[in-house]
Amino acid sequence: MRQALHIFKKDVRYLWYEITIMLVCVVLVACNLWFMLFMLPIAWCYVAARLIYAEPLVGDRLFWITRPYEWKSLLAAKAMFILAFVNLPMIVADVIILLRNGFPIFENLAGVLWHQFLIATVFVLPVVVFATITKGLAQLAWTTFLLLLVPFFLFHRSNTTGVDWQGLDWIRYSFLIVILVLAGGFVVLRQYKVRRTAMARMLALGALLLIVLEATYFPWGAAFWFQSWFSKQRIDADAVHVAIDPGRTMPPFNVWPGPKSLWFQLPLRITGLGAGVDTRADAALVTVGSQAEVVNGSFFSDGEDRFRLAFQLNRSAFERMKNEPVSVRASLYLTLLGNPKSTTVPRGKLRTRVSGVGRCTILTEPPLFAPMLHCLSALRDSSDAVSLRPASGNFFVIARPTSYSPYPAELGVSPVYPFIHEITARSDPLVMVSEEALTHFRKDAEFRDISLANFVVTSPRTH
């Protein structure tokens, strides 16, 4: 322990200039200077790299071996430095920002601690790993560039797979964090203990490949099955019935038929869900015809037990099947939302606490052209969870969770997430209704003898 403290003090003297700049960045973040949200992670990564290169692990002329330093003391000193000058200042900053915005610290303590774990794991650990297997900042820069392609690839995959990962993203990224912690921690420990760089580089490359494979081939259905284990209540899927609702007038569906495909809408009625719940379809997989044309569908609620199943089909397939009755099979991945909690948000400067959202107010002062619903959420972004709809002379704001993550915080620099929604210029207050996810289940349905021509979505020009 004495040797670890000696190395720690030496690193503080060696990196005092970088430490000062990094602490200034933290202070500016606490002062709500938004551009520092981009600069601070860069400062963390740079200081972490300089910290590791103070006693480099690659090469055969390592001066620090002649001291000699015990590898356990050296590694402990580096960990103490990161905790002291990355995590501890951010804990103070998080507490200041949360208190300034009216969030109680005790209720958000778990989120603050998890926030620090995410910072250390996602921002700092990858840099430490690659600094232990490279010779200097030049090699690290190229390695980091390749590393940055991974989150880009993850984002690209999440937007091209055809299903909405938003609610279940936490499962996929949990596996990513597990890989980072296990593989990264093993590489760092091995390098400090035996300094076999070639093997460590192979392990790091294998972990990176595993991350790419996980992002590419992680099955959405398996993630939904795993999410169903977190259901707060159970539902008998056999008691739920899905049927075509014939003769119902369909609301407009603003999509344009493409040159090679057509959109279709099936009006459905779903019974057996229970009273006082809303239904969200996380995904809908549709199979059309005897030749099993598989397409991804979209599922919409029209209120009460009325729903719409929309899907896209190639024109060539439609021409082949339009003159004969076909079977349409659908696998619906459903989430029931309930336990609504209503909160009235008055107009004025004071913020009102809204369950599941944060602290909200209605801004009306100039230069605003229309009143704005302005909310702040602590440690988790709730901006996509809020939607507006008029009802009985007032405005209801429906807040539904967009992520089913059980974690108390999301990855980010600032612990507070703001969002704004424009509302009408009425003078009455606004009612926010917050719902929570109760259960997740899959329901398979088959609709026989369907004439696809009766359910084609026509171009808006024809209306």
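General remarks:
- Probe 1.4 Å, accessible area per residue of the chain, Å²: 52
- Orphan Cys of the chain, criterion: no other Cys C-beta under 4.7 Å: C25, C31, C45
- Region 30-71 and region 261-340 have Cα centres separated by 53 Å.
- Toward the positive end of the charge dipole of region 42-147, with +1 on the Cβ of Lys and Arg and -1 on the Cβ of Asp and Glu, the farthest Cα among I119, V58, M80 is that of V58.
- Summarised in one figure, the compactness ratio Rg/Rh of region 1-45, Cα atoms and Kirkwood Rh, is 1.15.
- H241 sits among other residues whose Cβ lies under 11 Å from its own Cβ, and their net charge, with Lys and Arg +1 and Asp and Glu -1, is 0.
- Highest average packing first - 270-277, 208-215, Cβ atoms within 10 Å: 208-215, 270-277
- With every protein chain in place, region 266-330: carbon and sulfur % of accessible area (1.4 Å): 42
- Bridge type composition, the chain - antiparallel percent by DSSP, nearest 5: 95
- Diffusion of the chain by Stokes-Einstein, at 20 °C in a medium of 1.002 mPa s and with Rh set to the Kirkwood radius over alpha-carbon pairs, works out to 83 µm²/s.
- Structure-based [θ]222 nm, the chain - -39500 (n - 2.57) summed over DSSP H runs of at least 4, per residue, nearest 500: -12000 deg cm²/dmol
- The largest accessible area among D60, D11, D381, D169 belongs to the first residue in D60, D381, D169, D11, and the rest follow in falling order (1.4 Å probe, all chains).
- Based on the convex hull around the alpha carbon atoms, region 1-100 presents an average projected area of 7.0 nm².
- Base-10 log of normalised Debye intensity for region 229-364 (one unit scatterer per alpha-carbon) at q = 0.10, 0.21, 0.22 Å⁻¹: -0.49, -1.28, -1.35
- Shape of region 163-319, Cα gyration tensor, a/c cut at 1.5: prolate
- Dipole orientation for the chain: of the candidates W229, T287, L376, L376 has the Cα lying most toward the positive pole (charges on Cβ; Lys, Arg +1; Asp, Glu -1).
The values are calculated or read from the model by the stated rules, or taken from the named source; none is laboratory data. Nothing here was measured: the structure is a model prediction, and the numbers come from that model. Cβ sites come from the backbone with ideal geometry, for glycine too, and all protein chains shown count toward neighbours. Just so you know, the surface numbers come from the protein's heavy atoms only, side chains and all, with ligands and any DNA or RNA stripped out. Shrake-Rupley method; radii C 1.70, N 1.55, O 1.52, S 1.80 Å.
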